[in-house]
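K.L.:
Here it is: the structure, laid out below.
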Amino acid sequence: VNGEFTLTNVPNDARTLIISFVGMKTQEVAIKPQLRIIMSNDSQMLDEVIVTVAYGTAKKSSLTGAISSVNQDQIEMRPTSSVTSALEGTTSGVQINSTYGAPGSDPSIRIRGIGTVNGSSTPLYVVDGVPFGGNISDINPADIESISVLKDAASAALYGNCASNGVILISTRKGTSNKISFDLKINQGVYSRGIKEYKRTSPNQFMEASWQNLKNARMSAGDDAGIF
C-alpha cells in the first residue's frame, strides 16, 4: 500500500528492473540493493486523440456521435480539384452530386439524404472553428489538414438549427517551426475527339445542297417539279 516492496530469488545475471503501473509511465532501472523510484503520470496516452467538434476541440473519450474523418494523407493521395472531391468514396452516408458540371459551380452535398422539401439541404461548413458562408469551391484542397463530417443529431447538437442538414468541419494547415517543406503538384489532361471529323462540303457543294433541300421541300408541299 505504501509502495514498498522486496524482491527475492533474483537471478545473478539480472541487470534491469522494469516497473509499470496502469496510468503511469513504464520505467527501466538498474538493479541495486536499495532503490527509490518515483513514477509519473502517463497523461499523454490518456488524452492522445483530439477531435474537432463545435467551435473548438474535445477529447475522443468525451465525444459521442457519428463522425467520419478524412486526414491530410488521404487527401494528398487523390487528384482532388475541390474540397468535395476529397469526400467522395471516403465517408459513409455522404452523397455528392455533380449534375451541372459548369465551371465554378458547387456540387450538391447531402448528408444522410434530404432533410427538407422546400428549404435548403446544404450542410453547415465550419472552417477553423468559424462558420463559412462562401462557396466551398473557393477553398484550396492543398490547404486542408483534415475534414470531419458530423452526421447525426448528437454530433451536430452544439450548432443549433443551422446543423439540421449535417456539419462539415474543415481544418486548414498551420505553419511549423524549424521545418521547411516544398510541395509541387501538377495535374495534366489530354482532350481528343471520340469520333473522326466529318467531311465538309465546298462552297459549290453547299449551295447545291441548299437548292436541293429547297426543291424537295416545295415538292413535298405539292408544287410542280417543272418550275425548278
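K.L.:
Only residues in the stretch 100-122 that are among the basic types (K, R) count as the first member; pair them with residues that are at pLDDT 70 or above, Cβ under 6 angstrom, at least 6 apart or cross-chain, and list the lot.
P.N.:
So the pair list comes out as R110/Q95; R110/S121; R112/G93; R112/K151.
K.L.:
Only one of (1) surrounded by fewer than 10 Cβ atoms within 10 Å (Cβ to Cβ); (2) assigned to a helix (DSSP H, G or I); (3) of a type in the set (A, V, I, L, M, F, W, C) is not met by A157, so which one is it?
P.N.:
Among (1) surrounded by fewer than 10 Cβ atoms within 10 Å (Cβ to Cβ); (2) assigned to a helix (DSSP H, G or I); (3) of a type in the set (A, V, I, L, M, F, W, C), A157 violates only (1).
K.L.:
Taking the residues in the stretch 139-153 that are in contact with a helix residue (DSSP H, G or I) (Cβ under 8 Å, 6 or more places away or on another chain) and under 22 Å from A163 (Cβ atoms) as candidates, determine which candidate is surrounded by the fewest Cβ atoms within 10 Å (Cβ to Cβ).
P.N.:
Just the residues of the stretch 139-153 that are in contact with a helix residue (DSSP H, G or I) (Cβ under 8 Å, 6 or more places away or on another chain), to begin with: 141, 144-147, 150.
After this cut, where a residue has to be under 22 Å from A163 (Cβ atoms) as well, the list is 144-147, 150.
On the way: I144: 21, E145: 14, S146: 18, I147: 24, L150: 27.
Checked the stretch 139-153; the qualifying residue surrounded by the fewest Cβ atoms within 10 Å (Cβ to Cβ) is E145.
Results for (1) within 16 Å of the chain's Cα centre (by Cα); (2) closer than 19 Å to S69 by Cβ, shown as yes or no for each residue.
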position: N140; (1), (2): yes, no
position: D152; (1), (2): no, yes
position: F206; (1), (2): no, no
position: K215; (1), (2): no, no
position: A221; (1), (2): no, no
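K.L.:
Looking at the stretch 13-98, what strands (runs of 3 or more DSSP E) fall wholly within it and have at least 1 residues that are in contact with a Pro (Cβ under 9 Å, 6 or more places away or on another chain) and at pLDDT 75 or above?
P.N.:
Details: elements: 16-19, 27-30, 50-53, 56-59, 67-71, 94-97.
The qualifying strands (runs of 3 or more DSSP E) are 94-97.
K.L.:
With I168, I139 as the choices, which residue is touching a residue at least 40 places away in the same chain (Cβ under 8 Å), out of contact with any Phe, Trp or Tyr (no Cβ under 6 Å at 6 or more places or on another chain), among the β-branched types (V, I, T) and closer than 18 Å to T84 by Cβ?
P.N.:
Going through I168, I139 in turn, just one is touching a residue at least 40 places away in the same chain (Cβ under 8 Å), out of contact with any Phe, Trp or Tyr (no Cβ under 6 Å at 6 or more places or on another chain), among the β-branched types (V, I, T) and closer than 18 Å to T84 by Cβ: I139.
K.L.:
Considering only residues that are loosely packed, with under 10 Cβ neighbours inside 10 Å, small (G, A, S) and either touching a strand residue (DSSP E or B) at 6+ places or on another chain (Cβ under 9 Å) or over 21 Å from I144 (Cβ atoms) (or both), which ones fall in the stretch 178-224?
P.N.:
Result: G189, S192, G194, S202, S220, A221, G222.
The values are calculated or read from the model by the stated rules, or taken from the named source; none is laboratory data. All values reported here derive from a predicted model rather than from experimental measurement. For neighbour counting, all protein chains shown are included, and Cβ atoms are generated from backbone atoms with ideal geometry for every residue, glycine included.
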